[in-house]
Amino acid sequence: MKIQAGSTTLEVEVHGPDSGEPLLLIMGLGMQLIAWREGLVEQLVARGFRVIRFDNRDVGLSQRFDHLGTPNLMWQTLRFLARLPVQAPYTLRELAADTVALLDALGIAKAHVCGASMGGMIAQRVAADHPSRVKSLTLMMTTSGARHLPQPTRAARAALLARPASPTADAVLDHYVRLFRVIGSPGYPAPEEELRATLRRSLDRGGLKSGPGVARQLVAIAADGDRTPLLGRIAVPTQIIHGQADPLVPLACGVQLSQAIKGAQFDAVEGMGHDLPAPLWPLFADRIEQAARRASPP
């Protein structure tokens, strides 16, 4: 369903009873709400959550911002590497404002929040800038953006910045299969047909049109800088989950988050890369539930 969140129209799905504890799931760069797979959502609903998943602006079925133009990724990357200000069409702070406006539109005063990758960056800003709206925080495979932290491996960076061989659906699908083989979990590789089916569903739903939106989101990440100064303001129970084999956001990024957020609990997951493999869904659901219980002890 479409929901007007402030000035942005977002595609939203709500799962579970109205009486459940609200849990807002924020997905990462270029990823749609269906990247929070149904099996994981079902496990969260079974634990008593009312699960809200949505497409961030500029991807999936949410509002596009094509009127802002497509940023020059090469030029903005050079500015980032030279430590010059990156010029972004919009900011992660605006994406965080979309998230809070979505809670307003749903009539939710306070929610448990879980963000993955870029979604974890947005979640950091929501928890730091809007503390009254967050009950607990779970950050998955994400970073503070501190410049001293290790960057993606050369293979991961190349795969992320690569382009499909042609604009055809099959070429785009092949491109994303290659990307997820590079950044995915080596300990939990998805079967080929399953991975292709999952990615094809995403492309059919709206992914083929999201290239410029992904570029705008990527530049917003680069422009946001180091969020470490914000992390000391986060006072809610926080759980951090990070793959030991993550080539896109290396493990040290999760470690630094756990040190910067007071009282954060940390899981370094063996064999996990930069994805959410099905065998780890019970672990993810357990950790989200544990953070929620620390916020609202029985």
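Taken together, the values in this text are just the output of simple stated rules run on the coordinates, not laboratory data. Please read all numbers here as calculations on a predicted model, not as lab measurements. Glycine gets a Cβ as well: all are built from the backbone with ideal geometry, and neighbour counts include every protein chain shown.
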Fewest-first ordering of 93, 154 by Cβ atoms within 10 Å yields 154, 93
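Hey, what did region 158-236 get for relative contact order, percent, Cα under 8 Å, at least 6 apart? Walk me through the numbers on the way to the answer.
Working: 25 pairs, mean separation 18.5, N = 79.
In percent, rounded to a whole number, it is 23.
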Listing 110, 135 by rising number of other beta-carbon atoms within 10 angstrom, fewest first, gives 110, 135
Using alpha carbon centers only, region 20-36 is separated from region 83-122 by a whole-angstrom value of 12
Mean separation of Cα contacts under 8 Å (at least 6 apart) over the residue count of the chain, i.e. the relative contact order in percent, is 22
Given unit charges at Cβ for Lys, Arg (+) and Asp, Glu (-), the dipole magnitude of the chain about its Cα centre in debye, nearest 20, is 740
Pseudo-spin-label distance residue 74 to residue 87, built 7 Å along Cα→Cβ, given in nm, is 1.7
Per-residue Cβ contact counts at 10 Å, fewest first, order 59, 100 as 100, 59
Subtracting the Cα-Cα distance of residue 18 and residue 181 from 0.36 nm times their residue separation yields 54.9 nm
Comparing 257, 61, 84 in a Gaussian network model of the chain (Cα, 10 Å), the one with the largest mean-square fluctuation is 84
Within the set 38, 11, 193, GNM on the chain using Cα springs under 10 Å gives the largest fluctuation to 193
Most fluctuating of 43, 244, 32 in the GNM of the chain (C-alpha, under 10 Å) is 43
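Order these peptides, 270-283, 217-230, by their mean beta-carbon neighbour count within 10 angstrom, highest first. If you can, show how the numbers build up before the last one.
Working: 270-283: 18.1, 217-230: 20.0.
Order by mean packing, descending: 217-230, 270-283.
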Plugging the Cβ-Cβ distance of residue 38 and residue 157 into 1/(1 + (r/R0)^6) at R0 = 22 Å yields, to the nearest 0.05, a FRET efficiency of 0.10
